[in-house]
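Below is one structure, written out as C-alpha cells; comments come after it.
The values are calculated or read from the model by the stated rules, or taken from the named source; none is laboratory data. Source: prediction; values computed, not measured. Because the Cβ atoms are built from the backbone with ideal geometry, glycine has one as well, and the counts that use them run over all protein chains shown.
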Amino acid sequence: MTDLLDRARGALHAQPFSMLLGTELMHVGERELTLSLPIRDELRQQHGFVHGGVISYLADNALTFAGALALGPKVVTGEYKINYLCPAVSGTLMARAQVVHAGQRQATCQCNVYVMDGAKEKLVAIAQGTINRIGESAEALAAA
C-alpha cells in the first residue's frame, strides 16, 4: 500500500494547480482516498466563506483520484455534480472519495467534503462523478 500512496502523492505533486492551493493526500485505500486543503484567506469569497470553486476543485480531484484506483493512472473527469450544504469558514477541508462502481473504461465515484475545525467535523458538500480512462484503445482493453 505504501507504493500506491507514493505514486498517488507523486501524481498530486505533478499538478501545479493542486500545489498552488496546498492540497495534500492524507489516505489511500483500495477503493477510497482522502485529500486535505488548509483554509486560508486567499481561498475565500467576499462573504468570508471558502469559495465554491475551491470546494468543487477538491471534490473533482478526489473523485478523479478515486477513479484512478479502479481504472489506472490515466484518467480524466467525464462529469460531476456537486451539492453545497453549508459554508466552510476556517479549519481544513477534507475530501473523502470512494469508488461506487467500475467497469473497464469508466468508474462512478462519490465524494463527501468536510471541514475540520479543531475536533469538530462538518459536512459542507457532496459530489458524484464519472471518471473515464484515457489513452487505451477499445481493442487493447478487450484483449486484456
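Close contacts from segment 121-142, counting a first residue that is surrounded by fewer than 14 Cβ atoms within 10 Å (Cβ to Cβ) and a second that is modelled with pLDDT of 95 or more and part of a strand (DSSP E or B), with Cβ to Cβ under 7 Å and a gap of 6+ residues or different chains, come to Glu121/Tyr114; Leu123/Asn112; Leu123/Tyr114; Ile134/Val75; Ile134/Val76. The residues of segment 5-15 that are without any contact (Cβ under 8 Å) to a residue 40 or more places away in the chain and assigned to a helix (DSSP H, G or I), listed by number, are Leu5, Asp6, Arg9, Gly10, His13.
One residue stands out in segment 90-128 among those that are charged (D, E, K, R) and part of a strand (DSSP E or B): the one that is nearest to Arg44 (Cα to Cα), namely Asp117. Of all residues in segment 61-89, those being buried (at least 21 other Cβ atoms within 10 Å of the Cβ) and either assigned to a strand (DSSP E or B) or of a type in the set (D, E, K, R) (or both) number 1.
Scanning segment 38-52 for residues that are surrounded by 11 or more Cβ atoms within 10 Å (Cβ to Cβ) and under 16 Å from Leu20 (Cα atoms) yields a count of 7.
Please work out which residue is nearest to Met116 (Cα to Cα), limiting yourself to segment 16-46 and to residues that are assigned to a helix (DSSP H, G or I) and free of Cβ contacts under 8 Å to residues at least 12 places away in the same chain.
The extreme case among them is Asp41.
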